[in-house]
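Notes for the one structure printed next.
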Amino acid sequence: MYVLTEEGEKYLKNKLPEINLIKELSKKELSVSDAKKLENFNIALQWAKKNQWIEIETGMMKLTKSGKSILEKKYEIEEYLKEIKLGKFDEDKMKILLTRNLVRNVTEKEIETKKLIGKEVLDLTPEIIKSGIWRDVKFKKYNVEFPGKKIYPGKKHPLNLVFEKIREVFIEMGFDEMEGPLVETAFWNMDSMFIPQDHPARDIQDTFYLSGEGDLPDKNIVKDVKEVHETGGNSGSKGWNMKWMPEIAKQLLLRTHTTSVTYRTLAGGIETPCKRFCIGRVFRNEASDATHLPEFYQAEGFIAAENLNVRTLMGFIKSFYSKFGLHEVKFKFTYNPYTEPSLEAFGYSEKIGEWIELINSGIFRPESLAPYGIKVPVIAWGFGIERLAMFIYGNKSIKEILGHTCDLNYLRNYNLLKLEEW
Amino acid sequence: MLNTSLGYLNGLIKKKLSLDELEDLLFNMGFELDDVKGDDIAIEMTAERPDLLCVHGLARAINHYLGEKPKEYKTKKSGYQVIIDKSVSMRPYTACAIVRNIHFEDEMIKQLMQMQEKLASTYGRNRTKSAYGLYPLKGINFPIHYIAKDPKKIKFKPLGFDEEVTAIEIEQTHPKGKEYNWIAKNWKKYPFFIDDKDNVMCMLPYTNSEDTGKIDETTTEIFIECTGVDFENVMNVLNIFVTMFADMGGDIYSLEMVYPDKRIDSPDLNPEKINLKKCNAEKRLGLRLSDKELYSLLERTGYIIKGNKIFAPCYRTDLLHEVDVIDDIARAYGPGNFIPEFPQISTIGNLMRNTRIETKVRELIVGLGFQEVFTLILTSKEEQFGKMRLEGKAIFLDTQVDKSINMIRVSLLPELLRVLKTNQHYEFPQKIFEVGKVLFPDKKSETRSRESTYLALIISNSISTYEEISSVLNSIFLNLNISYKLKETEDKRFIKGRVAKIIVNGKERGIIGEICPKVLDNFKLDNPTTGFELDLDFLN
């Protein structure tokens, strides 16, 4: 819809400037400089010339033939303005009026908006702002104390926040990230770290075995691992005093711990001092319940350097725990097949008011390092991430956050700051 | 786990301990009080110390820890023989002993049974490596013969049976026969202990004879045999038994084991000389120790010190290396007495490139309003293929305990649809995604498998259109500044005409579309759902 602009309205009332000029000229001749005093002279001159109503000779304006006759005729522009006023539109005619800025296109909204003047308004709209009528309306008062509606943002998984925190801590402490495959050979999952071939942890009750055989690594590594198992090799150990069988080491399985990644890294050659860590999924062949699933995440780190010992292992774990808000730490000696001594570390959580056991750690046995030519002590520790996460977020069941059984409502609403408060 | 009572334990140790004191003491030694019910206690033991699987062994360790000087165990000669026939090649070793002057109480019998069972399952690796039998000495006619025979030709009365059966029947009828017959699946003959008057004493690896192999409170003299496939294993485990009997007050008598090619006195209770360099202990523990301190710490964990020589007691079966002795020194020193020291080792840490990239992708998608979920890698054929109307190659499981799983996922989409199924009662739209690993078989790889990192994303709502999901995909690619193409395709998982391949650098990297109602029906989902799955490996 089109309406007259302010200028259009004025010309409709007072005639167009070019007509007013012609009227003056029909009374008497005028010089250009005299005519300048007339209202809107430049517009009048421009259109009078364009319409070929006047000619200018030596500074004097003269009416042409059509200039003389125009006063007796109807001027089409003026007629258009009248039509618009009456609500008649013709797109063709509109073009010239639009160029001359005598009409403008208005939306329904603008028209509606106009009606709001003096009234109480609910929503502030771009039209109210543009048209300037915000000056003339009142805004309805809201109940601003009423809380907003619930909306769901995109969110990271709560475990992912724990991963990020763990990574942050390791990186701060100078650890390089490492990774390794989920499907492993028994060699990397067990043999490489001196777990005997008849160890109960190898039972199918604990380990997911896959059909087929994988490849063993470099012959020299295999030879040294075999020797250390059978006789202790050059490690100073008696060994397991049992024939080591390559077919057992070739068995394929889903890794049961991330220590397989550590041993791949150690066997791949390291430069000391060396600090590495990884976070990864591991698998145990067992039935699932509220607190256990057959797969879970583990974090693990090691340091290989001169002069590491039980005290530095404890010192490290203490600093590591304090990064997770557990400032009081106690240790208990335990048994792991590939570390000696081995330590379980308990941290005191003020938040839940009890000692919690997360970290299992130790100094790698010489038998588990000799095949890779590592002469310096290697301290290592690892822990299950779900267990830590369940302490932090207070979940009752791991199934609530992990797997297809996860509770979307929980994931949408969990407290992002829990990790910081813990 | 060791089950006993606080009262009984206190009767065996020098100092009467309260439950709290016991708990602290066990903690320092590296064991844990697991459960308490009245006077009954359960203690979590560590697997490498089979000598602590009975309360007498634990009491001995506690007494040493509290300062009692470790003693050496001695044997007297019985003059009897066990003759080992060369036919027992399937289980070639035995170690035997005689115990006299034993006076059983209820708790002792209970402890004995507990230990026998636990040793056989742990140290004996479920009887495959070694198994053990106890017999009243009275009534045995020496020498005893350890010999393999055809089980169809031997008849005896197994433990718990009223009448004699043919030995081969034991595999099918006797509870222990049924439990352990997998051990003997390739045996034609079975090893027996038979006395000199042809009385069958036991059939291995199953059961003793009801007539000759049953111990009770009235038994005061015992014959004990350990058999197995590893000479050291049977000698060691016998020592664990006889030192326990010695601690119960019995006298230990040795026998001569007559092998086809050698004669050995059994048991051998001589302590073993240990080579320990003090500096190695100091280095590993971060301590400075005088010789006197070192010896006293060693004695607190049962080592025998003679002059400046260190001997390990005969019941220790777990000492492979100097570090195992150093571990005992650490336990004797007490974990609470170590002063932790932060290692000042300066290195620079880095994340892996793929971790950093995955984080960026996750953040972008979270920014698009999607909730991240973590589904499991272990799933089932039915979910991955059946419900998705797909067929394909995958890594399958066949020895899984949890029967709801049987393969490793090759796609994230079905797992996301399962998440929707669980959460049907919550508000829509449900917009979820996962970045995670999928695995495929790969004959050429070292582990016969190949891992890929996939991104899958779905929108489920009363209306969810191709345009909506393709806009999400588009904005992901735009923000990663990677060009891609969509190419119309057919795929049973999606509605025909509303599914496209995602092509990146000329390679097919994923699929996008409106999930077919048949698939939605398979997952019991009511709302229209659109989604895509994309292999992110092109980012690395």
So which residues in region B:163-185 are open to solvent by 30 Å² or more (accessible area, probe 1.4 Å) and of a type in the set (F, W, Y)?
B:W182
Tally, over region B:105-139, of residues that are open to solvent by 20 Å² or more (accessible area, probe 1.4 Å) and either of a type in the set (V, I, T) or in a loop (DSSP other than H, G, I, E, B) (or both)
11
Taking into account only those residues within region B:363-379 that are surrounded by 19 or more Cβ atoms within 10 Å (Cβ to Cβ) and either of a type in the set (S, T, Y) or out of contact with any Leu (no Cβ under 9 Å at 6 or more places or on another chain) (or both), which is farthest from the other protein chains (Cβ to nearest Cβ)?
B:T379
Restricting to region A:353-382, what's the tally of residues that are assigned to a strand (DSSP E or B), at pLDDT 95 or above and among the aromatic types (F, W, Y)?
2
What residue, of B:P441, B:P429, is within 24 Å of B:E372 (Cβ to Cβ) and touching a strand residue (DSSP E or B) at 6+ places or on another chain (Cβ under 8 Å)?
B:P429
Looking at region B:382-392, is at least one residue farther than 27 Å from A:G239 by Cα, in contact with a strand residue (DSSP E or B) (Cβ under 6 Å, 6 or more places away or on another chain) and in the same structural domain as B:T453 (by TED's automatic domain parsing)?
no
Quick check on region A:258-286: of everything there that is in a loop (DSSP other than H, G, I, E, B) and open to solvent by less than 20 Å² (accessible area, probe 1.4 Å), which residue is farthest from A:F316 (Cα to Cα)?
A:N285
When you go through (1) in contact (Cβ under 8 Å) with a residue 12 or more places away in the chain; (2) under 22 Å from A:G403 (Cβ atoms); (3) assigned to a loop (DSSP other than H, G, I, E, B); (4) open to solvent by 10 Å² or more (accessible area, probe 1.4 Å) one by one for A:D289, which number turns out not to apply?
(1)
Of everything in region B:429-462, what is closer than 15 Å to B:N527 by Cβ and either modelled with pLDDT under 95 or not in a loop (DSSP other than H, G, I, E, B) (or both)? Give them in sequence order.
B:Q430, B:K431, B:I432, B:I458, B:I459, B:S460
Among the residues of region B:405-427, is there at least one that is within 21 Å of A:D407 (Cβ to Cβ), more than 37 Å from the chain's Cα centre (by Cα), open to solvent by 60 Å² or more (accessible area, probe 1.4 Å) and more than 8 Å from chain A (Cβ to nearest Cβ)?
yes
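Listed here are the residues, each with its yes/no results for (1) facing another protein chain (nearest Cβ under 9 Å); (2) among the polar types (S, T, N, Q); (3) surrounded by 19 or more Cβ atoms within 10 Å (Cβ to Cβ).
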position	(1), (2), (3)
A:E179	yes, no, no
A:M193	no, no, yes
A:A201	no, no, no
A:I204	yes, no, no
A:L210	yes, no, yes
A:D218	no, no, no
A:V222	no, no, no
A:T231	no, yes, no
A:N234	no, yes, no
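If I filter region B:89-103 down to residues being open to solvent by 10 Å² or more (accessible area, probe 1.4 Å) and out of contact with any Leu (no Cβ under 8 Å at 6 or more places or on another chain), which single residue comes out as nearest to the other protein chains (Cβ to nearest Cβ)?
B:Y93
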I'd like to check which helices (runs of 4 or more DSSP H) are fully inside region B:222-338 and have at least 3 residues that are more than 10 Å from chain A (Cβ to nearest Cβ) and in contact with a strand residue (DSSP E or B) (Cβ under 7 Å, 6 or more places away or on another chain).
B:231-247, B:291-300
With respect to A:N241, is the statement that it is free of Cβ contacts under 8 Å to residues at least 24 places away in the same chain, open to solvent by 40 Å² or more (accessible area, probe 1.4 Å) and not in a helix (DSSP H, G or I) true?
yes
Selection over region A:383-422 where residues are farther than 14 Å from A:H157 by Cβ, open to solvent by less than 40 Å² (accessible area, probe 1.4 Å) and in a loop (DSSP other than H, G, I, E, B) yields a count of 2
If you check A:N101 against the conditions, is it over 29 Å from A:P17 (Cα atoms), among the polar types (S, T, N, Q) and either under 51 Å from the mean Cα position of the chain (by Cα) or surrounded by 12 or more Cβ atoms within 10 Å (Cβ to Cβ) (or both)?
no
Checking A:P341, A:P337, A:P294 in turn, the sole residue that is within 36 Å of the chain's Cα centre (by Cα), at the interface with chain B (Cβ under 10 Å from one of its Cβ atoms) and either under 30 Å from B:S404 (Cβ atoms) or modelled with pLDDT of 90 or more (or both) turns out to be A:P294
Here are B:L26, B:L22: which of them is assigned to a helix (DSSP H, G or I), free of Cβ contacts under 8 Å to residues at least 24 places away in the same chain and surrounded by 22 or more Cβ atoms within 10 Å (Cβ to Cβ)?
B:L26
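The values are calculated or read from the model by the stated rules, or taken from the named source; none is laboratory data. Small disclaimer: the values here were computed from a predicted structure and weren't measured. We place every Cβ from the backbone using ideal geometry, glycine too, and count neighbours over all the protein chains shown. Protein only, heavy atoms only, side chains kept; ligands, DNA and RNA dropped before computing areas. Shrake-Rupley method; radii C 1.70, N 1.55, O 1.52, S 1.80 Å.
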